[in-house]
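Below: one structure, written as structure tokens.
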Amino acid sequence: MHKKREKRFLEINTNIAISLKRETPLRKKEILEMIVFLSRELKLTIEELEVSIISGKKLLEINRTFLNHDFETDIITFQYGKSKKKLSGELLISLDDAKRNAKKFSVALRSELFRLLVHGILHLAGFDDKRAVDRRIMINKQEKLLKNYFTESNTKIEI
């Protein structure tokens with residue numbers, strides 16, 4: 001079983017690019033492990049995925065330029081493929097907004113970054129949070145995935 005899991009990790013790893021701000025408390029390996037877990041749990045294939053943790057200022061600039069939104073946000077997702085099961089896209093996470101969220105919700109920054117990563121993957125997989133009913137469904141799925149991941153990995157983290 002361990003070899004099979006390791007093979008899947010290596011297989012998926014080649015399709016994923018990760019860039020992190022220097023002060024990001026997560027390592028690339030941790031992000032990859034979460035993505036592998038999510039792809040297995042949601043029965044997704046990662047065709048191509050880029051994850052970037054950037055400044056809030058940079059994300060605001062992207063939000064204005066590409067989405068015509070003049071407000072700060074903690075994550076932006078860009079879907080490049082048409083399939084909800086074969087993901088091709090980009091996740092842009094604001095480290096500054098993640099820090100504010102962590103303080104606001106009294107959780108560790110690492111927890112908030114994992115939460116945003118899961119949230120972004122769910123968006124790419126077709127989940128939406130614009131309407132209250134859809135938001136509840138998405139948040140419930142997000143929290144269940146986080147709980148299962150940290151239970152399975154035996155990692156202590158505030159969720």
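The values are calculated or read from the model by the stated rules, or taken from the named source; none is laboratory data. For clarity, every value in this text was computed on a predicted model and none was experimentally measured. Note that we place each Cβ from the backbone using ideal geometry, even for glycine, and neighbour counts take in every protein chain shown. What goes into the accessible areas is simple: the full protein's heavy atoms, side chains included, and nothing from ligands, DNA or RNA. Shrake-Rupley method; radii C 1.70, N 1.55, O 1.52, S 1.80 Å.
Looking at the chain, identify the longest residue range that excludes and avoids all trypsin sites (Lys or Arg not before Pro) in DSSP loops having at most 13 other Cβ atoms within 10 Å. It runs 86-129.
To put it simply, the accessible area of the chain at a 1.4 Å probe is 51 percent carbon and sulfur.
Once you mark the chymotrypsin sites (Phe, Trp or Tyr not before Pro) that are in a DSSP loop and have at most 14 other Cβ atoms within 10 Å, what is the longest gap between them in the chain? Maximal segment without exposed cleavage sites: 1-70.
Mean sequence separation of contacting Cα pairs (under 8 Å, at least six apart), scaled by the length of the chain, corresponds to a relative contact order of 19 percent.
For the listed residue pairs 58/82; 28/58; 28/147; 21/144, the alpha carbons are over 23 angstrom apart in 58/82; 21/144. Which value, in Å to one decimal place, does the Kirkwood hydrodynamic radius take for the range 91-139 when every pair of different Cα atoms is included? Its Kirkwood hydrodynamic radius stands at 11.4 Å.
Write down the accessible area per residue of the range 39-100 in Å², having rolled a 1.4 Å probe over the full set of protein chains.
That works out to 56 Å² per residue.
Only Lys, Arg, Asp and Glu count, each charged at its Cβ (+1, +1, -1, -1), so figure out the dipole size of the chain about its Cα centre, rounded to 20 debye. Mind dumping the intermediate values first?
On the way: 33 positive and 23 negative charges, 103 e Å.
Magnitude of the dipole: close to 500 debye.
Here Rg and Dmax of the Cα atoms in Å was calculated from the structure, and among [x] 17.1, 53; [y] 15.1, 48; [z] 18.0, 64 it sits at label [y].
Working from label points 7 Å from Cα in the Cα-to-Cβ sense, the residue 27 to residue 43 distance is 3.3 nm.
Working from Cα pairs under 8 Å separated by at least six residues, relative contact order for the range 81-159 is 29 percent. Comparing 102, 132, 17, which has the greatest mean-square fluctuation in the GNM of the chain with Cα pairs linked when under 10 Å apart? For the chain, modelled as a Gaussian network with Cα springs under 10 Å, the answer is 132. Once you reduce the range 12-81 and the range 88-104 to the center of their Cα atoms, the two points are 9 Å from each other.
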